[in-house]
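The values are calculated or read from the model by the stated rules, or taken from the named source; none is laboratory data. Note that the structure is a prediction, hence the values are computed from the model and not measured. Don't worry about glycine lacking a Cβ; one is built from the backbone with ideal geometry, like all the others, and counts go over all protein chains shown. Note: accessible area is taken over every heavy atom of the protein model, side chains too, but ligands, DNA and RNA are not part of it. Shrake-Rupley method; radii C 1.70, N 1.55, O 1.52, S 1.80 Å.
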Amino acid sequence: MVIAGLVIAGLVFAGLAALIHVYIFVLESIIWTTPRARATFGTTPEQARQTRELAFNQGFYNLFLAIATGVGIVLVAAGNLPVGATLVLVGTGSMLAASLVLVLSSPAKARAAAVQGAAPLIAVVLMIAALFL
């Protein structure tokens, strides 16, 4: 019962992490040059134009992590815990690692790193706890 609760909680946080990363994909790959995205990332119109291709590519990395996590959630829900949990941990673990890279490379972006990394961190901790109890 406790293990099932940990898995469910882990999947909820993994789902939240995936949604956040889909939103980041939208910001980076679809609306990068808009005032909303520029305000989020603190870029000028010229910087946004110059970095559009880079952001477009980076946004897809975020989308692919979200997709892997989502497929993992579906597989766990369908009863395939080993493969599903693996995908959830790969997706959320990568999200968490990316947030650590962000804060270590640019401490001024600690708030963004926390938004990007909090849900994946909780998901990883809960999923690992469920797997090893």
Q.
Where the second residue is open to solvent by 20 Å² or more (accessible area, probe 1.4 Å) and part of a helix (DSSP H, G or I) and the first is under 10 Å from Leu87 (Cα atoms) and polar (S, T, N, Q) and lies in segment 61-76, which pairs have Cβ atoms under 7 Å and are six or more apart or on separate chains?
A. Thr69/Leu87
Q.
Taking the condition of being surrounded by 21 or more Cβ atoms within 10 Å (Cβ to Cβ) and of a type in the set (Val, Ile, Thr), how many residues in segment 1-29 meet it?
A. 2
**Q.** Of all residues making up segment 76-105, the number that are open to solvent by 40 Å² or more (accessible area, probe 1.4 Å) and of a type in the set (Val, Ile, Thr)
**A.** 5
Q: Evaluate segment 108-117: report whether one residue or more is among the basic types (Lys, Arg), open to solvent by 30 Å² or more (accessible area, probe 1.4 Å), on the phi < 0 side of the Ramachandran plot and in contact with a Leu (Cβ under 8 Å, 6 or more places away or on another chain).
A: yes
Q: Taking the residues in segment 30-70 that are polar (S, T, N, Q) and surrounded by 19 or more Cβ atoms within 10 Å (Cβ to Cβ) as candidates, determine which candidate is farthest from the chain's Cα centre (by Cα).
A: Thr69
Q.
So if I check each of Ala108, Ala129, Ala77, Ala114, which one is of a type outside the set (Asp, Glu) and within 15 Å of the chain's Cα centre (by Cα)?
A. Ala114
Q: Considering each residue of segment 1-42, count those that are closer than 25 Å to Val124 by Cα and aromatic (Phe, Trp, Tyr), and give that number.
A: 3
Q. How many residues are of a type in the set (S, T, N, Q) and within 15 Å of Ala123 (Cα to Cα) if we restrict to segment 80-108?
A. 4
